Amino acid sequence: MKQRKRIYYTESQKAIMWERWRKGDSLQQIAQLFDRNHSSVQRILAETGGIQPAQRHRSSVALTLVEREEISRSLATGQSMRSIATRLGRAPSSISREIKRNGGQECYRAGRADQAAWDRASRPKTCKLAENRALARIVAGKLQLQWSPEQIAGWLKRAYAGNEAFYVSHETIYRSLFIQARGALKKELLQHLRRTRVMRRSRHHTQKTPNHGRITDTVSISERPATVEDRAVPGHWEGDLVFGNRNSQIATLVERHTRYVMLAKVASKDTETVITALIKQAHKLPHELYKTLTWDRGKEMAAHKRFTLATDIKVYFCDPHSPWQRGSNENTNGLLRQYLPKGIDISSYSQARLNALARRLNDRPRKTLNYETPAQRFHQSVASTG
């Protein structure tokens, strides 16, 4: 049976892995950077439970590899420890101790001595839960009750107020669960967490795909008929939501040919509520005066196909970040702010009160209509439909 070739990563590649993992990239996304399978990346990250090991730093007073190489060369030429120390600017006792612990004058090798120094320095701080077994038993018991690490940490501060020996951060609990080398909490306790993963995710991780939040099956404004663009005939509308405080909002609709305004009370900004309100508003007009609707790409229109199915009105979507493509609606929303300033709670407005507001807007003469009112123009359009 042919064995799969083991994949090795350089330290710099591992650093990139951890950086992307911290930023929330998936295993597949990280693996694509190296043109490898995601399992090879998972192997690296899973060794420490998805938690990046602390970066090791050499002490500023420790001997460097360059200094050790100088010691090795000096010993080979028969120089004394004191002369070596003087040249390196070190205490003779430091040089003597360095040579003795690494084989003596006859066997000293710079590379081997430097690696031994790194190995001796590998003394991770003992985990508090490993030192305080009573605390570990309390934490384990609460985990078995499906308490989260954050709840446990907060409860301990209240239950053992003033006794810091029984304080532990939620991060320490997580690390003890995911990094089994600590030996503080059993791996089986992971099953009691709300999310039973073998690796801890970055706080920036998301399972949202690049298409998350996008409206599907949209028809671009570029496909809108030319008759809509030149405002030659009535029946083509622009719409948007206007927001107040306390999550209140209303739908505003403006007819492009006449600038006639309709306002609709909307209890919530979720797509089902908005679409239902728009359908109800559309049924108040003859089809000849409501043929298309142009909207921005807000998620409130995610169920636009239901609106079209119920009303036979085609919906066109503006390009992203292009409010000028609904110029009439944007201008009207600005006028509306005279009556509904930002910060006002719109939820208290009834539909009758919104209708009265719309009438005030429709009875204002517009320069673009040669100082006729939207109401006058719209009523002419109604009359022309018979």
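The values are calculated or read from the model by the stated rules, or taken from the named source; none is laboratory data. From a predicted model like this one, the values you see are computed outputs, not experimental measurements. Neighbour counts are summed over all protein chains in view; Cβ atoms, including those assigned to glycine, are modelled from backbone coordinates with ideal geometry.
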inquiry  = Give all pairs with beta carbons closer than 6 Å in which a residue from segment 145-174 that is under 18 Å from residue 192 (Cα atoms) meets a residue that is aromatic (Phe, Trp, Tyr) and surrounded by 13 or more Cβ atoms within 10 Å (Cβ to Cβ); count only pairs at least 6 apart in sequence or on separate chains.
reply    = 149/174
key: residue 231 touching a Cys at 6+ places or on another chain (Cβ under 9 Å) and over 20 Å from residue 353 (Cβ atoms)   = no
note = Residue count, segment 373-386, condition at pLDDT 90 or above and farther than 17 Å from residue 284 by Cβ, comes to 4
key: Only listed residue being loosely packed, with under 10 Cβ neighbours inside 10 Å, more than 30 Å from residue 177 (Cα to Cα) and either aliphatic (A, V, I, L, M) or touching a helix residue (DSSP H, G or I) at 6+ places or on another chain (Cβ under 8 Å) (or both), chosen from 61, 66   = 61
query = Is it the case that residue 319 is loosely packed, with under 15 Cβ neighbours inside 10 Å, within 30 Å of residue 383 (Cβ to Cβ) and in contact with a helix residue (DSSP H, G or I) (Cβ under 8 Å, 6 or more places away or on another chain)?
reply = no
